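Okay, structure first, notes after.
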Amino acid sequence: MEHLILEIGLALALIAGAGLIAGKLRISIVPILILAGMIVGPQAPHIGVLDFRFIQSTPLINFMGRLGVLFLLFSLGLEFSIKRLLTAGPSIIRSGTMYMVINLAIAIIFPLLLGWPVKEILVVAGIMTISSSAIVAKVIVDFKEGS
């Protein structure tokens, strides 16, 4: 139990550090959080009492990550008004459709080349298309707020 609390504390400290770095650099927090997530995990170093592998808290961190995606989507919904969407509708539809088609094609072709089963490819491609679209939208909103 003590390791679980330490791991959650380390994860929160990493998230706070990513927020501080993003704030200082005046960029979106999303790429920094992705890099932080790539640095820690099963391949991360174990330095004394600091264990960045997050072994005991993996289920909780996975759950919190899913919850975070839901909050990201919700906050994006708060950013856009219906009037703004209707005004920019044709432009959003064209560029959004193009982005989704390209993203979906990549998400289908790459696993297909790796020999994945079709059902798994379609599930993963759908998840990647939706979540990456939300991340891109968040980065765009952050970029507009910073300028």
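Can you go through LEU72, LEU67, LEU78 and tell me which one is touching a residue at least 60 places away in the same chain (Cβ under 8 Å) and not charged (D, E, K, R)?
On the way: LEU67 fails: touching a residue at least 60 places away in the same chain (Cβ under 8 Å); LEU78 fails: touching a residue at least 60 places away in the same chain (Cβ under 8 Å).
None of the other options fit; the residue is LEU72.
Given the condition at pLDDT 75 or above, over 30 Å from GLY9 (Cα atoms) and of a type in the set (D, E, K, R), answer yes or no: does some residue in region 120-129 qualify?
Yes, there is a match, as at least one residue in region 120-129 is at pLDDT 75 or above, over 30 Å from GLY9 (Cα atoms) and of a type in the set (D, E, K, R).
Please identify the pairs in which a residue from region 87-98 that is outside the structural domain of THR129 (by TED's automatic domain parsing) and surrounded by 11 or more Cβ atoms within 10 Å (Cβ to Cβ) has its Cβ atom under 7 Å from the Cβ atom of a residue that is in a helix (DSSP H, G or I) and at pLDDT below 75, counting only partners at least 6 apart or on another chain.
none
The values are calculated or read from the model by the stated rules, or taken from the named source; none is laboratory data. Computed from a predicted structure; not experimentally measured. Here the Cβ is made from the backbone with ideal geometry for all residues, glycine too, and neighbour counts use every protein chain on show.
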